[in-house]
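This report concerns only the one structure given below.
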Amino acid sequence: MKSKSGHPGDHKSEEQRSGGRSESCSFCQKPTVVRLREPNRSLCAEHFIQDCEERVKRAVEAEGMIAPGDRIAVGLSGGKDSTALLMILEKIFSSTDIELVAITIDEGISGYREETMAAAVELTRRLAIPQQIVSFCELFGRDLDSLLFRREKEACTVCGVLRRRALLEGARRAGATKIATGHNLDDEAQSVLMNVLRGDLPRLLQDTSSGYPECFIPRIKPLIPLSEKEIVIFLMVQGVFVDLPECPYAHTALRGEVREMLADLEFHHPGTREKLIHARNMVRERISGNFVGESTRGGNLITHCRICGEVCSSEICAVCRVLGDVANIT
Ligand code: SF4
């Protein structure tokens, strides 16, 4: 899961950046809370909120992420990204026939999950959105803390595999047609770079947005137009930003190092994140139907796990492999 950080200059206020000079919004006389580029614009709180919602709406429409009648399972951890995602989707779709249901996964991480779970429950109550809570204990018989005994370094790999399954299970229980996750611009760029650094071409090119008939529920990422910093400001100006604790396993992940590296590159070379994602998309498009099709959608490679029966692309699915490894260690 994501956590905070970024370049030291990232969270400076606009006033600090402009050396104390106050500036008016490009669209009204109210004071600016943020200055954005491409196109250059200074925005007050109200226009910034509107700008964020419009950018997400445009991305959803341009990429056909959501169709009339969809029932969207929104992964809601209670952290800042999923909170912003649920708020924006609720605003955009509240008067349509699109339904939202929040899915909260309780991995069982002591000292961390309690607060974020409470925040998730409170948000769904405030927005009057139904919520499903799925726990690792219920699905896999153990919580993450105990699953990570003697393999803490693999925390995010183990957690990621199990969380994807738990989210899918929650979405199925909710009768969802799509799964929306709160990945933002920084997360997506980090994932591209991580997959390159790991040499994981299948994962780099995998596109889960279209799903696979009767097998996978399509996964969408409506928040990609917004950076982590913008999401923090979006929540702060609405008075709903809460600085929740960071997952105790976050430091074990390669993502932490990549995050620092990318934040530094972005600071010195603005636009790096967008270029990375664009490059990945171009490669994906050019070889679509060859490598990607073969690895994720080719008819013969879609099969059922020999152990749990879940749809997967090999004899044993990733979840059963992870749980099998745990059983061998403990
Ligand atoms: Fe996120 Fe890793 Fe913590 Fe799981 S273990 S919640 S993936 S940081």
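Any read-out appearing in this document is the output of simple, stated calculations on the displayed coordinates, not a laboratory observation. All figures in this text were calculated on a predicted structure; none of them were measured in a lab. Virtual Cβ from ideal backbone geometry, glycine too; neighbours counted across all protein chains shown.
Loop-only GluC sites (Glu not before Pro) in the range 166-239, please: DSSP not H, G, I, E or B, and at most 10 other Cβ atoms within 10 Å.
Filter output for the range 166-239: GLU214.
Hey, which aspartates and glutamates would be in cross-link range of LYS30, C-alpha to C-alpha under 13 Å, not counting anything within fewer than 8 residues on its own chain?
Candidates past the 8-residue exclusion: GLU46.
Calculate, in whole percent, how much of the Cα-Cα pair population of the range 158-287 lies beyond 17 Å.
Distances greater than 17 Å cover 68 percent of the Cα pairs.
Give the relative contact order (percent, whole number) for the chain; include only Cα pairs under 8 Å separated by 6+ residues.
Over the chain, the number comes to 18 percent.
Expressed as a rounded percentage, what relative contact order does the range 103-225 have, with Cα pairs under 8 Å and six or more residues apart?
Relative CO of the range 103-225 lands at 24 percent.
Using the Cα atoms of the chain, I'd like the radius of gyration and the largest Cα-Cα distance, Dmax, both in angstrom.
Cα only, the chain: 20.2, 65 Å (Rg, Dmax).
Mind putting a number on the dipole of the chain about its Cα centre? Charges go on the C-beta only, +1 for Lys and Arg and -1 for Asp and Glu, and I need it in Debye to the nearest 20.
Roughly 380 debye for the chain.
Which residue fluctuates most in the GNM of the chain (Cα springs below 10 Å): VAL319, VAL283, VAL56?
VAL283
Sorting ILE302, ILE72 on the 10 Å Cβ count, fewest up front, what's the list?
Ordered from fewest to most neighbouring Cβ atoms within 10 Å, ILE302, ILE72 come out as ILE302, ILE72.
Based on the Cβ-Cβ distance from LEU254 to GLU61, what FRET efficiency comes out when R0 is 30 Å, to the nearest 0.05?
0.30
Averaging the inverse of every distinct alpha carbon separation and then flipping it gives the Kirkwood radius. What is it for the range 101-160, in angstrom units?
12.5
Can you sort SER209, SER95 from fewest to most other Cβ atoms within 10 Å of each residue's own Cβ?
The order, fewest Cβ neighbours first, is SER95, SER209.
Is the C-alpha gyration tensor of the range 232-271 telling us rounded, prolate or oblate? Criteria: a/c under 1.5 is rounded; beyond that, a/b larger than b/c is prolate, otherwise oblate.
Oblate, because a/c is 1.5 or more while a/b does not exceed b/c.
Quick one: work out the % antiparallel among DSSP beta bridges in the chain, nearest 5.
Beta bridges within the chain, antiparallel portion: roughly 30 percent.
Considering only Cα-Cα distances, which of the following residue pairs are longer than 22 Å: LYS80/LYS221; LYS57/LYS229; LYS80/LYS153?
LYS80/LYS153
Shape verdict for the range 125-213, please, from the Cα gyration tensor: rounded (a/c under 1.5), prolate (a/b greater than b/c) or oblate.
oblate
Would you work out which of ALA171, SER82, VAL121 lies farthest towards the positive end of the dipole of the chain? Charges go on Cβ: Lys and Arg +1, Asp and Glu -1.
Of the candidates, ALA171 comes out farthest on the positive side.
Mind telling me which of THR272, THR96, THR116 comes out most flexible in a GNM of the chain, alpha-carbon contacts under 10 Å?
THR96
Arranged by the count of other C-beta atoms within 10 angstrom, fewest first, what order do HIS278, HIS268, HIS183 take?
HIS268, HIS278, HIS183
Which is farthest toward the positive dipole end of the chain among VAL237, GLY160, VAL196, measuring Cα position about the Cα centre, with Cβ charges +1 (Lys, Arg) and -1 (Asp, Glu)?
Projecting each Cα onto the dipole axis, the largest value belongs to VAL196.
Mind checking which of ALA171, ALA250, ALA73 has the largest fluctuation in a GNM of the chain, springs on alpha carbons under 10 Å?
For the chain, modelled as a Gaussian network with Cα springs under 10 Å, the answer is ALA250.
Relative contact order for the range 11-125: what percent, with Cα pairs under 8 Å and sequence separation of 6 or more?
18
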